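The structure appears below as structure tokens.
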Amino acid sequence: MRTQAQELSVPEVYFIQDYVEFYNIKHICILQEELKPWILKLLRQTRSGSFVSVFGRKDTTRSRVHINGSSSASPVAHRVSTCTGLRVLAVHSELDRDLFKEIFTGAETKANWLLISGENFQELLENAYLPLDNQVKIANFSDVNDRSSATLWESYQIGPNYDQHLTPVGRWTLTTRDQNDPSNNDSSDDHDFSGDSKGFRGESPSPPASREIAIPNTVSVKTKVLKHGVLEGPVDDLLFRRTDLSGLHVTCTSIDYKPLNIITHREDGTIHVKGILGKIFDMLREVTNFTYTCYEVPDNQWGSLADGQWTGLVGEVASGRADLAIASLTISKQRSTVVDFLISLAVSGYRIAMKRPSNADYMWTVYTKQFEKEAWAVTVSVTVVLMVLVFVVLRLSRREENASPSISAFTVLGILFGQGSILEFRSLAGRILMVSVLFLQVIILAFYTSNLVTALAVRPSPPPFQGLEDVHQDPMVTFGIEKGTALDDIFENSKNPLYQAIYQKLKPEDTVASTTDGMRRVFRERYAFLIWELYYDLNHQGGCDNYLLPQKYFTDHASFILTKGSPLTPIFNNVILDLASSGLLSKFWLEVKVTTNDCDDLETASLEFLTLVTSFLVLCVGAVAALGFLGAEWVLSRRPWEKFCGKGEG
């Protein structure tokens, strides 16, 4: 086993140079106890455009040497965090390993590392924690006598107490001969380069042992002939292939949102999520091999910023109480500052849901809504004028019999209601006036009765609303949204004057706790509810007792959320992409059956009780009025009781 005093061999130095060129690395940071001759060799032969920094634990002064060989001593930070490029460390002993563990903490666990090691690298790194998203590559020169080839490895752990997953991801083979070594004529040959370079000096290297190690098909590699050798290295996203989570336990939260999320409660207080999103979550669990405990979000909200604190699902994940939220959460800029979203699982917009009107909604106007207010005003005015004209003609014409104003009025009303007249008109003026009243009766009664029959038999048409502006301008309609959703932020921070006016008018009692509560209010009252169109299609599209206004708003994407910076995000994204390409996601959506009806077709409706209540009330009012007038006549007459008993007749 090597000790710290030993240095890298010439092939190992050449490997570093090829590695830097392969990945086009601009800055190399050497981590070592002290400046070694092999480091100087590396500095002189590093590809053009790169520079090397040396960091150690003993010195307070570090050297930054550029590729042209010039150097200047300058004080730099003791911490390696000042490095902006690749960290290179030779790990051949426990002392080297301890140096790596000392530095490999915090942000350094996400930095780009290259460890040069020998056949015992697994033993040396066994106690080092390599998190899931680490970018450490280990170059293993396993053959002590022939260091002309190396295998590239990656290792990761789900947690400190989990085993390491070690995967071969590439290989390197030296092809440069000794006579082509540009260092042969350089003064650097005076430096001691320990380590056998057998295979480097011969005519051609013997078949390296690294060729016997197969690289998994899940690793996307690229092969490139470089200055000193041939390097086959990974060029994909390493997190996309780290799918085995080794039974990692995940805490998740969810919200009931059928049929996307269907929550079933277990005896231990946890929940199981079914539905479309539940199936996707189960597929993620099956592919990546993790366990979970899931609970229902306590406040039953999706997540919005209230008084500086996030509520709902977003708040649970942002605070770390949950690692994942299984729900179709709208992807928004504000939410993305505290959580990470997976690839979009659903796309939809918002539309306004309202109750489709019925005759019961027109209890007090079912017999008057056939005419507009202006038409009723003209009809009443013309009727009064006709009553006056009939009275005048009957009083002034010599050929007509005198009649009281009440007789004249009831004559006109009788004609308008199709009952004819008890008066006989003899004069030409009277007859012309009678024809005018009859003509008016034909027009009004024909239109009114036909419209009334249609209104009583067919469901009324919806009001001519198109969208938010029409709803906002109608004082009889209450507009509402679900609280704790992305809509809170949209309306509050929008610069659209209409949205601002709606937000200012919106009262706390106008919002609802859930989509289900919002639809209940739609069915009970004149409530216009802004609902996610996809949810409406899956739950309410088949019913004709409600409808959506034409205009659509705030088209968005929705998906699961994870804690900010979670290494699980790219892993789950890769699985979702695989599910989409395989057609499973489409299959899940097709399994949801949506019943549609053409509610715009004319449908006959049975006569409802509330529709008849108005006519019953009119009859009752008429009966009470008749009795009242009868009592008044008795009181005003001279001998009412004698007339009632049959006395007083001559």
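Put simply, region 376-419 fits an ellipsoid with semi-axes of 20, 11, 7 Å; these come from the alpha carbon gyration tensor as the roots of five times its eigenvalues, largest first. The simple spin-label model puts a point 7 Å past each Cα toward its Cβ; for Lys274 and Glu591 those points are separated by 1.1 nm. When Val225, Val297 are compared by accessible area of protein heavy atoms, the largest-first order is Val225, Val297, using a 1.4 Å probe.
Taking 0.36 nm per residue of separation and subtracting the Cα-Cα distance, full extension of the segment from Arg266 to Phe51 would add 71.4 nm.
With only the Cα atoms considered, region 372-494 has a convex hull volume of 157 Å³ per residue. For region 459-592, the Kirkwood estimate of hydrodynamic radius, built from reciprocal distances between every pair of different alpha carbons, is 17.5 Å. Taking label positions 7 Å along the Cα-Cβ direction at both Ser404 and Thr516, the computed distance is 6.6 nm, reported to one decimal. Within the shell of other residues whose beta carbon sits under 11 angstrom from the beta carbon of Ser397, the net charge comes to +3, with Lys and Arg scored +1 and Asp and Glu -1.
At an R0 of 25 angstrom, the distance between the Cβ atoms of Gln164 and Gln309 translates into a FRET efficiency of 0.05.
Ordered by solvent-accessible area of protein heavy atoms (1.4 Å probe), largest first, the residues Tyr162, Tyr536, Tyr292 come out as Tyr162, Tyr292, Tyr536.
Using the Cβ-Cβ distance between Arg431 and Trp634 with R0 set to 51 Å, the FRET efficiency works out to roughly 0.85. Using a Förster distance of 51 angstrom, determine the FRET efficiency expected from the C-beta separation of Ser81 and Cys544, and round it to 0.05. Efficiency at R0 = 51 Å is approximately 0.20. The overall shape of region 236-352, judged from the alpha-carbon gyration tensor, is rounded, with an a/c ratio under 1.5. Solvent exposure of region 372-437, expressed per residue, is 67 Å² of accessible area, with all protein chains present and a 1.4 angstrom probe.
Just to make sure I understand: if all protein chains stay in place, what is the order of Glu108, Glu591 by accessible area at 1.4 Å, largest first? Mind showing how you got there, number by number?
Working: Glu108 15, Glu591 80 Å².
Correct descending sequence by accessible area is Glu591, Glu108.
The HN-Hα couplings worked out from phi for region 20-27 by the Karplus form 6.51 cos²θ - 1.76 cosθ + 1.60 (θ = phi - 60°) are 5, 6, 4, 9, 6, 8, 8, 9 Hz, whole numbers, x standing for Gly and Pro.
The values are calculated or read from the model by the stated rules, or taken from the named source; none is laboratory data. Just so we're clear, the structure is a prediction, and the values are computed from it rather than from any experiment. So basically every Cβ, Gly included, is an ideal-geometry build from the backbone, and we count neighbours across all protein chains shown. Ligands, DNA and RNA are stripped out before the accessible areas are found, and what is left, the full protein with its side chains, is counted by its heavy atoms. Shrake-Rupley method; radii C 1.70, N 1.55, O 1.52, S 1.80 Å.
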